[in-house]
Amino acid sequence: MDMFEQIKNHEQVVFCNDEDTGLKAIIAIHNTTLGPALGGCRMRPYGSVDEALNDVLRLSKGMTYKCAAADVDFGGGKAVIIGDPAKDKHPELFRAFGQFVESLNGRFYTGTDMGTEPEDFVYALKETNCIVGVDEVYGGSGDSSIPTAMGVIYGLQATNQTIWGSRDLHGKSYAIQGLGKVGYKVAERLLDEGADLYVTDINQGSIDQLVSKAKSMGAAIKIVSGDEIYSVDADVFVPCAIGGIINDDTIDQLKVKAVAGSANNQLLDLYHGLKLHEKGILYAPDYIVNAGGLIQVADELYEPNKERVLQKTSAIYNTLQNIYLQAENQQMTTMEAADRFCEDRIHSRSRRNSFFSHMKRPKWAVRQ
Ligand SMILES: NC(=O)C1=CN([C@@H]2O[C@H](COP(=O)(O)OP(=O)(O)OC[C@H]3O[C@@H](n4cnc5c(N)ncnc54)[C@H](O)[C@@H]3O)[C@@H](O)[C@H]2O)C=CC1
Ligand SMILES: O=C(O)CCC(=O)C(=O)O
């Protein structure tokens, strides 16, 4: 496919190649109407450059919508590093990545995502100030997966309220895919609430950790294989790992009443939102539910304020309920209702914010 056809809705795509450190990364800036691009950096052993490019293009577009929905003055961007997080990480790799981010001169801010940790970005921070979510001792706001997990909990509460008339989390069962930075925290909170859990992860260490936590609480969790997670008899499916997991094959297997989790790009295609709807499964649009981390890192770039982050993250509950209502009133899927809500916000600003008008960096209150 023609490369420009492939990236046609994006403003800028940067291929980063550094032979000395082995860095192979792609930074995608989707849309900066609302402000400079902001989005995490994922590290994965992608099978091909094309796979990595597709991922970063989809993820960066999602960030444009996420920023609009969360009402933060940033645009959509994302980065991917091609490599195995378990084997290929080293300080110089992240320093080299930081140099590429710096070369964008404030058009792109980044931090953690799947496969990366706040500590990795301490090295990138040596090269650029355009890094978010590092520990507070380095001037950051800390692990952004904490508010992300909190947002998922608000999303689950809004979903339960809509389906069962109560936002209570206990008395329901949840199938969690992925016990990483976000999924593990969601699982802990659900255990605290006395919910029943089915869990899966490709990393046995995370499962063992959750099992011993559950044991210490006298609770039981059911461990299932990667394939089984789609067909368990749970009330809600909570995807907290990879994208594209809502597809023709998995929708046929789902027995749940709702899907609400942190994973970015859960629907393989937009029409899978319709298929879920036709099967009577309520879908919580991913970028509405998982905006907590974004809210924290966006806040960090101005005047960091923990209370405000908590307040804005708790608004995910109302935003999601409104999306559910809009979808019902306008006879569309929840994903279509969410997309329309965001597109209206972006278009209403596009007349006033022109391309590149947000080159200026936000005020760096902490690190200057
Ligand atoms: N960290 C954050 O604040 C945010 C994360 N997200 C999204 O949430 C998802 C999870 O992010 P993190 O927890 O930060 O990533 P992470 O890398 O800390 O955790 C991902 C977990 O999923 C597991 N996993 C990977 N493939 C799997 C598979 N096929 N089946 C089961 N488990 C699998 C990994 O072993 C790991 O434990 C990603 O899609 C990410 O883009 C979205 C918004 C913010
Ligand atoms: O958590 C971050 O660093 C930025 C937010 C992000 O990348 C996301 O929400 O997917």
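Please treat every number below as a calculation from the coordinates, not as lab data. Because the structure is a prediction, the values reported are computed rather than measured. Because the Cβ atoms are built from the backbone with ideal geometry, glycine has one as well, and the counts that use them run over all protein chains shown.
Measure up K78/K306; K66/K312; K222/K279; K213/K255; K257/K279 against 20 Å on the Cα-Cα distance and list the ones that go over. Don't jump to the answer; show the numbers that get you there.
Numbers: K78/K306 24 Å; K66/K312 13 Å; K222/K279 25 Å; K213/K255 27 Å; K257/K279 9 Å.
Where the Cα-Cα span goes over 20 Å, the pairs concerned are K78/K306; K222/K279; K213/K255.
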- Query: Angle, helix 49-70 long axis vs. longest principal axis of the chain, Cα atoms, 0 to 90°, nearest 10?
  - Reply: 80 degrees
- Note on the structure: Per principal axis, largest first, the Cα atoms of the chain extend in Å by 50, 46, 46
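Using just the helices of the chain, give the 222 nm mean residue ellipticity in deg cm²/dmol: DSSP H runs with n ≥ 4 each add -39,500 (n - 2.57), and the total is spread over all residues, rounded to 500. Please list the in-between numbers first.
Numbers: 13 runs with 159 residues, N = 368.
The per-residue figure over the chain is -13500 deg cm²/dmol.
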- Task: Give me C67, C16, C41, C342 ranked fewest to most by other Cβ atoms within 10 Å of their Cβ, as a rough exposure proxy.
- Result: C16, C342, C41, C67
- Message: What do you get for trypsin sites (Lys or Arg not before Pro) in the range 124-203 restricted to DSSP loop and a cutoff of at most 14 other Cβ within 10 Å of the site's Cβ?
- Response: K126
- Message: Less than 13 Å Cβ to Cβ from Q331, Lys/Arg counted +1 and Asp/Glu -1: what total charge do the surrounding residues give?
- Response: -2
- Task: Report, by chain and number, residues whose modeled amide H sits under 5 Å from the one on A263, excluding near sequence neighbours (fewer than 5 apart, same chain).
- Result: C240, A241
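Compute the FRET efficiency between N247 and V137 as 1/(1 + (r/R0)^6), taking r as their Cβ-Cβ distance and R0 = 35 Å, and round to the nearest 0.05.
Working: r = 42 Å, r/R0 = 1.21.
My answer for the efficiency is 0.25.
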- By how many degrees, between 0 and 90 and to the nearest 10, does the Cα long axis of helix 306-329 differ from the longest principal axis of the chain? 60 degrees
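How would you order 129-138, 22-31 from highest to lowest mean count of nearby Cβ atoms within 10 Å? Spell out each step's value before the answer.
Numbers: 129-138: 20.0, 22-31: 23.1.
Most protected by this proxy first, the peptides run 22-31, 129-138.
Can you work out the FRET efficiency for the pair D192 and S231, with r the C-beta to C-beta distance and R0 = 41 Å, to the nearest 0.05?
Values: r = 27 Å, r/R0 = 0.65.
Rounded to the nearest 0.05, the efficiency is 0.95.
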- Reciprocal of mean inverse Cα separation for the range 145-345 (Kirkwood radius, Å): 16.9 Å
- Could you work out the relative contact order of the chain, using alpha carbon pairs under 8 angstrom and six or more residues apart, expressed as a whole percent? 17 percent
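Normalising by the residue count of the range 69-142, find the relative contact order in percent from Cα pairs under 8 Å and 6+ residues apart.
Values: 77 pairs, mean separation 20.2, N = 74.
The normalised contact order for the range 69-142 reaches 27 percent.
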- Computed over the chain: longest principal axis from alpha-carbon atoms vs helix 91-103 long axis, angle to nearest 10 degrees, is 70 degrees
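Would you work out the charge dipole size for the chain about its Cα centre, treating the Cβ of every Lys and Arg as +1 and the Cβ of every Asp and Glu as -1, and quote it to the nearest 20 debye?
In debye, rounded to 20, the chain gives about 1020.
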